[in-house]
Amino acid sequence: MNWMLMPLRRYFEFSGRSRRKEYWMFYLLNVLVALFVGLVFVAGNYSEMVLWLGCLYALATFIPGLAVTVRRLHDTDRSAWNLLWGLVHVGGFVLLYFYIDEGHPGPNRFGEDPKEEDMASAVFA
């Protein structure tokens, strides 16, 4: 659960790096919330209220989602300008490859390796 909520704690943090686990767990959280909102919207009588709550959730998580995406690209040693691949037909597949790709080992131009930081904190804890 910690990995799902970490991007919300790092709301406006576009610098640094994020591991694959942080990115994909946040993505999973958003999919689960969307499924829940969709099921309640279809099954319940609260359709208008649920729709507004879903829109508010989407607005509230837009910035952290963008920030964790930028940090994920930084972890693979790529600039945030690579998000422009999404404007091209096959760009979604290119971005998917970037998100799945393992992070650059060791420090890169965007900061220290988040895996090494997690391992160091686990050893000293």
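The values are calculated or read from the model by the stated rules, or taken from the named source; none is laboratory data. Predicted model only: the values in this text are computed from it and were never measured. Counting neighbours? That spans all protein chains shown, and the Cβs are built from the backbone with ideal geometry, glycine included. Just the protein is used for accessible areas: all its heavy atoms, side chains included, with ligands, DNA and RNA removed. Shrake-Rupley method; radii C 1.70, N 1.55, O 1.52, S 1.80 Å.
Give, in nm to one decimal, the length gained when the segment between Leu83 and Val31 is fully stretched (0.36 nm per residue of separation minus the Cα-Cα distance).
On the way: separation 52, 0.36 × 52 = 18.72 nm, distance 2.04 nm.
Value of the extension gain: 16.7 nm.
Once you have a ≥ b ≥ c as the square roots of the Cα gyration tensor eigenvalues for the range 1-58, tell me rounded if a/c is under 1.5, and otherwise prolate or oblate according to whether a/b is larger than b/c.
Values: a/c = 4.06, a/b = 2.29, b/c = 1.77.
Since a/c reaches 1.5 and a/b is larger than b/c, the shape of the range 1-58 is classed as prolate.
When the helices in the chain are scored as -39500 (n - 2.57) per DSSP H run of 4 or longer and the sum is shared across all residues, what 222 nm value do you end up with, to the nearest 500 deg cm²/dmol? Display every interim value, and only then the final one.
Working: 5 runs with 82 residues, N = 125.
Counting only the DSSP helices, I get -22000 deg cm²/dmol.
Whole-Hz ³J(HN,Hα) for each residue in the range 33-41, computed from phi via Karplus 6.51 cos²θ - 1.76 cosθ + 1.60 with θ = phi - 60°, x for glycine and proline: what do you get?
Coupling constants for the range 33-41: 5, 5, 5, 4, 4, x, 5, 5, 5 Hz.
Probe of 1.4 angstrom, ligands and nucleic acids ignored: what's the accessible area per residue over the range 12-72, in square angstrom? All intermediate terms of the calculation are to be shown ahead of the outcome.
Numbers: 3850 Å² over 61 residues.
Here the per-residue accessible area is 63 Å².
Suppose R0 equals 35 Å. What FRET efficiency, 1/(1 + (r/R0)^6) with r the Cβ-Cβ distance, do Leu56 and Asn108 give to the nearest 0.05?
Values: r = 36 Å, r/R0 = 1.03.
Plugging the Cβ-Cβ distance into 1/(1 + (r/R0)^6) gives 0.45.
With contacts defined as alpha carbon pairs under 8 Å and 6 or more residues apart, what's the relative contact order of the chain in percent?
On the way: 124 pairs, mean separation 39.4, N = 125.
Worked out over the chain, it gives 32 percent.
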